Amino acid sequence: MIITARERDLGGLIIRRILPYATHRMVGPFIFFDHIGPVDFAPGEGIDVRPHPHINLATVTYLFEGQLHHRDSLGSSQLIEPGAINWMTAGRGIVHSERSPAGFRRTGGRLNGLQCWVALPDEHEEIAPSFAHFPHASLPEFHDQDIRLRLLLGHSLGRQSPVPVHSDLFYLEAFLSANQGFVFPSEGREAAVYVVSGSIRMNGVDVVAGALGIAEQTEDLKIEATETSRLMFLGGHSIGPRWIDWNFVSSSQTRIEAAKADWAQGPRVSSARFAPIPADDQEFIPLPRTVGSATKGTPL
């Protein structure tokens, strides 16, 4: 199956959304996949993703270009730069924001990156929230079949990422020259490849930049680059279907409805889930009026 990105304008920021898709909501535990940009900001411009909530998932931010400043209700304050992995476990509930840092906003520049949501397995959905940052140099970089790869999350090809994930998954970056071939072993897991730039043939099917190619069942991905390409491999074992509604993901529809009711009042010190963000507590994204009942996302 090939999923082509749908462009969305979020207040001047162009994003390309891949997952969830109407007929295919998950690949392994990955339930959300956005390509941010590329977008060029003039001096004085930037993005402001105001404080907003999550439950029962982990967010993953990975930049190719530019910078973002992450803050959350735990008190985390982290500059996100290209090549680093930022893994935020929402667990029972967290609030976070992402904004262009002052230096980037002053000079302007290009922002280009990916943001994913990874649904947590049943036994970890309500764990305590946490945030972890892993710089570029801490992530395994290696060659396999003469292809340069970086392992960002999980385990694959005999390597293990240092990021503390909660289920059996993988997330890798790969660089292929034109006409190079590569067989990515799924190891019995659901697998997909996203083309960041360039174009490939995957298991005999053309996949262009901005599209996700998903393998049938747990087959390996046989890749041939038709031009110089940058790829992201993602997937893992299914954790079962999940409900998804706005920023909330859970195995329990009742839990999502409770989170919506909690966020309807905004971040509060008295909330067990959604406390204010230190140094970013003057505004927040309200619960959208259009949010309705959660829909159930089925795995591959």
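Key figures
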{"quantity": "Subset of segment 143-180 that is of a type in the set (Gly, Ala, Ser) and surrounded by fewer than 17 Cβ atoms within 10 Å (Cβ to Cβ) - its residue that is nearest to Glu123 (Cα to Cα)", "calculated": "Gly158"}
{"quantity": "Single residue of Glu123, Glu173 found to be of a type outside the set (S, T, N, Q), modelled with pLDDT of 95 or more and not in a strand (DSSP E or B)", "calculated": "Glu123"}
{"quantity": "Enumeration of residues in segment 25-36 that are touching an Asp or Glu at 6+ places or on another chain (Cβ under 8 Å) and either in a strand (DSSP E or B) or without any contact (Cβ under 8 Å) to a residue 24 or more places away in the chain (or both)", "calculated": "Val27"}
{"quantity": "Residue satisfying all of: in segment 21-37; of a type outside the set (D, E, K, R) and under 20 Å from His96 (Cβ atoms); surrounded by the most Cβ atoms within 10 Å (Cβ to Cβ) among these", "calculated": "Pro29"}
{"quantity": "Yes/no for Asn86 being among the polar types (S, T, N, Q), under 26 Å from Gly44 (Cβ atoms), part of a strand (DSSP E or B) and in contact with a Pro (Cβ under 6 Å, 6 or more places away or on another chain)", "calculated": "no"}
{"quantity": "Enumeration of residues in segment 183-198 that are buried (at least 17 other Cβ atoms within 10 Å of the Cβ) and part of a strand (DSSP E or B)", "calculated": "Phe184, Glu190, Ala191, Ala192, Val193, Tyr194, Val195, Val196"}
{"quantity": "Subset of segment 100-119 that is under 17 Å from the mean Cα position of the chain (by Cα) and within 21 Å of Ser76 (Cα to Cα) - its residue that is surrounded by the most Cβ atoms within 10 Å (Cβ to Cβ)", "calculated": "Val118"}
{"quantity": "Segment 263-300, subset within 23 Å of the chain's Cα centre (by Cα), more than 24 Å from Gly75 (Cβ to Cβ) and among the β-branched types (Val, Ile, Thr), residue modelled with the lowest pLDDT", "calculated": "Thr298"}
{"quantity": "Test: residue in segment 223-233 that is outside any strand (DSSP E or B) and modelled with pLDDT under 95", "calculated": "no"}
{"quantity": "Verdict on Val60 being among the β-branched types (Val, Ile, Thr), assigned to a strand (DSSP E or B) and in contact with a His (Cβ under 8 Å, 6 or more places away or on another chain)", "calculated": "no"}
{"quantity": "Residues satisfying the stated conditions in segment 211-222, i.e. at pLDDT 95 or above and not in a strand (DSSP E or B)", "calculated": "Asp220"}
{"quantity": "Cross-chain or 6+ apart pairs with Cβ under 8 Å, segment 79-107 first and more than 18 Å from Phe134 (Cα to Cα), then modelled with pLDDT of 95 or more and assigned to a helix (DSSP H, G or I)", "calculated": "Gly91/His124; Gly93/Ala259; Gly93/Asp262"}
{"quantity": "Residues that are surrounded by fewer than 20 Cβ atoms within 10 Å (Cβ to Cβ) and in a strand (DSSP E or B), drawn from segment 38-51", "calculated": "Pro38, Val39, Asp40, Asp48, Val49, Arg50"}
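The values are calculated or read from the model by the stated rules, or taken from the named source; none is laboratory data. This is a predicted model, so every value here is computed, not measured. Virtual Cβ from ideal backbone geometry, glycine too; neighbours counted across all protein chains shown.
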